[in-house]
Amino acid sequence: MNLDAKIPEGPIEQKWTNAKFNYKLVNPANKRKYSVIVVGSGLAGSGAAATLGELGYNVKCFCYQDSPRRAHSIAAQGGINAAKNYQNDGDSVYRLFYDTVKGGDFRSREANVYRLAEVSSNIIDQCVAQGVPFAREYGGMLANRSFGGAQVSRTFYARGQTGQQLLLGAYHSLSRQIGLGQVKMYNRHEMLDVVLVDGVAKGIITRNMVTGKIDRWAADAVVLATGGYSTVFFLSTNAAGCNVTAAWRAYRRGAGFANPCYTQIHPTCIPQEGEHQSKLTLMSESLRNDGRVWVPKTREMAEKVRNGEILPSDVPEDERDYYLERKYPSFGNLAPRDISSRAAKEACDDGRGIAPTGFGVFLDFADAINRLGREVIEERYGNLFDMYENIMGVNAYEQPMQIYPAPHYTMGGLWVDYNLETTIPGLFAMGECNFSDHGANRLGASALMQGLADGYFVAPYVLGNYLGSNIPVGKAGKIDINDPAFEEAENAVKEKIEKMLSIKGNCSPRSIHIELGKIMLDKCGMARDDAGLKEAIEQIKALREKFWTDLKLPGGADELNIELERAGRVADHLEFAELMCRDALERSESCGGHFRVESQTEDGEAVRQDDVFSNATVWEFKGLDQEPAKHVENLVFDYVKPGVRSYK
């Protein structure tokens, strides 16, 4: 497997400029001869489809939702980072680059991260021009707030619904191109395979989720913008429909999968209530700007809170442990997500959790309300407080919120080079489904930044370069869907569907998914160790055997069949989960969201092993019955030298 990152020459400040100048161009009159498939309609997918359509390419965009507006980008709450330095507080492109590399625990590729920081300012200008209603200060200037892992205010926001407003902006641009005929939109179509003709991506196979029809689609290039894989844990902040299927099918066709063990547990989510839930609810990290995180200092007081013997607001101040402020005074409640999550787990493991289950801590706004007034807090976070009260039945203006970490984002994904091209020529991965920008831990408000950077500002250059360099104009748009490669891929998809329907066992796909989630959260969640990961791999193999021998599916293939959809995704999760645990087992260091119990200091801080693991681990599929091949891309740090990642 060739892992040439194709990083441009020159100083880091000039790499993207040099790359754009040296990229091959496609004549405007020739663009309409080329076709591109975009899978996914979130910020990266909608942005890429709209931008490529605007340039004149023929674009087909696919999503499994009933509308592009239902993509999970809509659920993002807190904000989007950009190095505008409107607050004049010392921010810059270089500082955003530095914070992102450090926040990722020195496990990301410097060149990609610098490009992300460099184009971040363009994103804000683009979105304002689209009419995205970012919050503004009294004088009309765009407002900013702080997020974890930074000591400057660089996060732009629209109350607690930033993702929704950004996605509506992208959808507006996408809809314009659909109306002009440059983009053809296929809702309720799920991608089930990538088609390779002579080793090059030339199309996809989809299932119409309403009729069950299997279709072939051809294009000169394929873009995957299909999000992350947090639903491998079953319960996560992701929508229940989010899945690893598109990325995993690409992996099975030869795309390298990088760092699958890098998963992010978000510190501020509503605690799990019971077995009946299908997902967990995020409470935006932006709340930590004004909320203070605490637990009782003693187990006895925590038990009184859990039993309802005392209201949280009545716990005396000297009985409270503001543990983030105590442990990390420089960053306090805005410590990065991985550190904040482990600190919450540590407090609950000590018996001081305050939720009925014992797994919960407080996020308290009393000080902020006393200092600023309720109206200010309501203006900043009103929709989040309303959502919390609807779910928990508690007024968070009067009593602290209960929060606990939950699976949220995945930094691992398909390996891509600087041009966002996977190890399969012609197959590109953008947004959360690639691995490139966040290392072992993503800073808050950087997911929206990456999705829009990839879609709006990177995709048009790298796709044009690929098409101009590899596909002569005379051959553009002339892929034959009757090629044997399309037939083979379609037959493989149909065989898998028929196999699942023919089992006729006793277990629903949901029940197996719940079992998998418990294994993953217990053995490959916030804390991992050698014995637990080895045990998890064996348990996953057994669960996969159970799936293929005892699965029960109602209905048939040629109709609307939600259980069949779920079964296909669970089947892929069962394969992917083993790779994720294997990757976590191989990486015996602690870094970012990957915390190995064996690799920590006496006071529980993560210990990296830069001499061994300063790399990206990339896995190559060799067959279900064979171990995957391991490759590494060594990471070079010329600008941000790895050091102790201290937020104290």
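The values are calculated or read from the model by the stated rules, or taken from the named source; none is laboratory data. In this text, all values refer to a predicted model and were calculated from it rather than measured experimentally. Don't worry about glycine lacking a Cβ; one is built from the backbone with ideal geometry, like all the others, and counts go over all protein chains shown. Please note that ligands, DNA and RNA were not included when accessible areas were found on the heavy atoms of the full protein model with its side chains. Shrake-Rupley method; radii C 1.70, N 1.55, O 1.52, S 1.80 Å.
Within this structure, Arg107 fails the test of being closer than 28 Å to Ser340 by Cβ and open to solvent by 10 Å² or more (accessible area, probe 1.4 Å). The set of residues in region 272-304 being in a helix (DSSP H, G or I) and of a type in the set (Phe, Trp, Tyr) is empty. Within region 350-368, the presence of a residue that is part of a helix (DSSP H, G or I) and without any contact (Cβ under 8 Å) to a residue 12 or more places away in the chain is excluded. Only one entry in Gly10, Gly53 is without any contact (Cβ under 8 Å) to a residue 40 or more places away in the chain and either farther than 28 Å from Ile479 by Cβ or in a helix (DSSP H, G or I) (or both), namely Gly10. One residue stands out among those in region 603-636 that are surrounded by 15 or more Cβ atoms within 10 Å (Cβ to Cβ) and among the hydrophobic types (A, V, I, L, M, F, W, C): the one that is modelled with the lowest pLDDT, which is Ala606. Scanning region 615-637 for residues that are of a type in the set (S, T, N, Q) and assigned to a loop (DSSP other than H, G, I, E, B) yields a total of 1. Report yes if Glu598 is touching a Ser or Thr at 6+ places or on another chain (Cβ under 7 Å), touching a residue at least 24 places away in the same chain (Cβ under 8 Å) and surrounded by fewer than 22 Cβ atoms within 10 Å (Cβ to Cβ), otherwise no. Considered against the rule, which asks whether it is touching a Ser or Thr at 6+ places or on another chain (Cβ under 7 Å), touching a residue at least 24 places away in the same chain (Cβ under 8 Å) and surrounded by fewer than 22 Cβ atoms within 10 Å (Cβ to Cβ), Glu598 comes out as yes.
Residues are listed down the side, and each one gets a yes or a no for (1) modelled with pLDDT under 95; (2) open to solvent by less than 30 Å² (accessible area, probe 1.4 Å); (3) in contact with a Pro (Cβ under 7 Å, 6 or more places away or on another chain):
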| site | (1), (2), (3) |
| --- | --- |
| Gly353 | no, yes, no |
| Arg371 | no, no, no |
| Arg374 | no, no, no |
| Tyr381 | yes, yes, no |
| Phe385 | no, yes, no |
| Asn390 | no, no, no |
| Gly393 | no, no, no |
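Only residues that are of a type in the set (A, V, I, L, M) and under 29 Å from the mean Cα position of the chain (by Cα) were counted in region 483-513, giving 6.
Look at region 475-486: where a residue is closer than 22 Å to Asn30 by Cα and a partner is of a type in the set (S, T, N, Q) and modelled with pLDDT of 95 or more, sitting 6+ places away or on another chain with Cβ atoms under 9 Å, you get Ala476/Asn30; Ala476/Ser35; Gly477/Ser35; Gly477/Asn58; Ile479/Ser35. Among the residues of region 120-133, which ones are touching a residue at least 40 places away in the same chain (Cβ under 8 Å) and surrounded by fewer than 22 Cβ atoms within 10 Å (Cβ to Cβ)? Correct list: Asn122, Ile124, Gln126, Gln130, Gly131. Among Arg288, Arg253, Arg320, Arg249, which is in contact with a strand residue (DSSP E or B) (Cβ under 8 Å, 6 or more places away or on another chain), within 18 Å of Ile354 (Cβ to Cβ) and in contact (Cβ under 8 Å) with a residue 60 or more places away in the chain? None of the other options fit; the residue is Arg288. Restricting attention to region 2-41 and to residues that are of a type in the set (D, E, K, R), open to solvent by 60 Å² or more (accessible area, probe 1.4 Å) and farther than 24 Å from Ile471 by Cβ, the residue that is nearest to the chain's Cα centre (by Cα) turns out to be Glu13.
Taking the conditions exactly as written (in contact with a Lys or Arg (Cβ under 6 Å, 6 or more places away or on another chain), surrounded by 15 or more Cβ atoms within 10 Å (Cβ to Cβ) and either within 22 Å of Ala606 (Cα to Cα) or touching a residue at least 40 places away in the same chain (Cβ under 8 Å) (or both)), does Asp338 satisfy them or not? Here the answer is no, as Asp338 does not meet what is asked.
The residue list Gly468, Gly451, Gly444, Gly474 contains one member that is assigned to a loop (DSSP other than H, G, I, E, B) and small (Gly, Ala, Ser), which is Gly444. When you look at Asn243, is it buried (at least 22 other Cβ atoms within 10 Å of the Cβ) and within 23 Å of Leu427 (Cβ to Cβ), yes or no? The answer is yes for Asn243. Contact annotation: residue pairs with Cβ atoms under 8 Å, 6 or more positions apart or on different chains, pairing a residue in region 134-161 that is in contact (Cβ under 8 Å) with a residue 12 or more places away in the chain with a partner that is surrounded by fewer than 21 Cβ atoms within 10 Å (Cβ to Cβ) and assigned to a strand (DSSP E or B), are Phe134/Leu142; Ala135/Leu142; Leu142/Arg136; Ala143/Arg136; Ser153/Arg145; Thr155/Arg145; Phe156/Leu142; Tyr157/Arg145.
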